Amino acid sequence: MRVAKFSVAGEVRFGIVDGPELVVLKGHPLFTNYETTGERVAIKDVQLLPPTLPTSKLICIGKNYADHAAEMGGEAPAEPLMFLKPLTAAIGQGETIVLPSISDQVDHECELAVVISSVAKNVPADKALDFVWGYTIANDVTARDLQNKDGQWTRAKGFDTFCPIGPWIETEFEPEDQVIETRVDGELRQHGRLNQMIHDVPRIIEHVSQVMTLLPGDIILTGTPAGIGPIEAGQVVEVSIEGIGELTNPVA
Ligand code: MG
């Protein structure tokens, strides 16, 4: 099942994706058991929003693919390397990534994103999937020059619009060897497979939940494969994961 968050006529709603339409839900899908209003709306007539649920945090894992760690000039860390992006960075399908004037190099990073279903603290890896509600796609947009200059990554990865997420949450997805890709203006830039992740989703949840309590709706970005590169104003960036969909955002 694919669950989307959207706005229509100024109201924020959730819906289940059914072909080109959304079956509108009465309330919040994690808490109301998918009760529907009976309405349907065409996806083309609404604005898809980032599927935050309400999310308390966007947690990210860095250098989780060996080929990407190598292109960054280092080895992959032995433990998952964790950082945060602010919720104000989140945008949805079709919304514009805005390049900040203080950066000269902004890069795309396609990533699998995990959506947490219930409160999780000190969860062992073998129980971790009990706390996953579904998966979506994210673009961990990064001001590479500022990342190198600052040494830590809050500014480089925290600008408004630097976390496209969506287009929806797929609740029946299981990460295996699905293809993950980025295209810029249709040109293939990144191509990897989810089984290339060094730390898998259960290990990541174990690691993160030792540090901070995960709350329903929290989203964990799981790292990017090789091929990161710059995006420029006027371009369109599309990140895709086989079995979930495509997330497309223009750049300005
Ligand atoms: Mg990243």
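Of all residues in region 108-158, how many are touching a residue at least 60 places away in the same chain (Cβ under 8 Å), acidic (Asp, Glu) and within 16 Å of the ligand (Cβ to nearest atom)?
3
It is to be established whether one or more residues within region 192-209 are in contact (Cβ under 8 Å) with a residue 24 or more places away in the chain, touching a Gly at 6+ places or on another chain (Cβ under 8 Å) and over 26 Å from Trp153 (Cβ atoms).
So far as region 192-209 goes, no, none of its residues is in contact (Cβ under 8 Å) with a residue 24 or more places away in the chain, touching a Gly at 6+ places or on another chain (Cβ under 8 Å) and over 26 Å from Trp153 (Cβ atoms).
Might you check whether a residue that is surrounded by 16 or more Cβ atoms within 10 Å (Cβ to Cβ), at negative phi and outside any strand (DSSP E or B) occurs anywhere in region 33-40?
no
Restricting to region 31-90, name every residue that is more than 12 Å from the ligand (Cβ to nearest atom) and of a type in the set (S, T, N, Q).
Passing the criteria: Thr32, Asn33, Thr36, Thr37, Gln47, Thr52, Thr55, Ser56, Thr88.
So Val8 fits all but one of (1) at pLDDT below 95; (2) hydrophobic (A, V, I, L, M, F, W, C); (3) closer than 23 Å to Phe162 by Cβ; what number is the exception?
If we test Val8 against (1) at pLDDT below 95; (2) hydrophobic (A, V, I, L, M, F, W, C); (3) closer than 23 Å to Phe162 by Cβ, just (3) comes out false.
Matching residues to (1) under 17 Å from Ile219 (Cβ atoms); (2) among the β-branched types (Val, Ile, Thr):
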| site | (1), (2) |
| --- | --- |
| Asp140 | yes, no |
| Arg144 | no, no |
| Asp150 | no, no |
| Lys157 | yes, no |
| Trp168 | yes, no |
| Val184 | no, yes |
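If only one of Lys44, Lys85 is in contact (Cβ under 8 Å) with a residue 12 or more places away in the chain and touching a Leu at 6+ places or on another chain (Cβ under 9 Å), which one is it?
Lys85
Go through (1) at negative phi; (2) in contact with a helix residue (DSSP H, G or I) (Cβ under 7 Å, 6 or more places away or on another chain) for Asn122 and report which single condition fails.
(1)
Being surrounded by 16 or more Cβ atoms within 10 Å (Cβ to Cβ), assigned to a strand (DSSP E or B) and not assigned by TED's automatic domain parsing to the domain that holds Pro86 is the requirement here; does Val12 meet it?
no
Only one residue in Gly151, Gly134 is of a type in the set (Gly, Ala, Ser) and within 30 Å of Val3 (Cβ to Cβ), so which one is that?
Values: Gly151 fails: within 30 Å of Val3 (Cβ to Cβ).
After ruling out the rest, the residue left standing is Gly134.
Is it the case, given these coordinates, that Asp185 is without any contact (Cβ under 8 Å) to a residue 24 or more places away in the chain, surrounded by fewer than 19 Cβ atoms within 10 Å (Cβ to Cβ) and in contact with a strand residue (DSSP E or B) (Cβ under 7 Å, 6 or more places away or on another chain)?
no
The values are calculated or read from the model by the stated rules, or taken from the named source; none is laboratory data. Not measured: the values here are computed from a predicted model. All Cβ positions, even for glycine, are placed from backbone atoms using ideal geometry, and neighbour counts span all protein chains on display.
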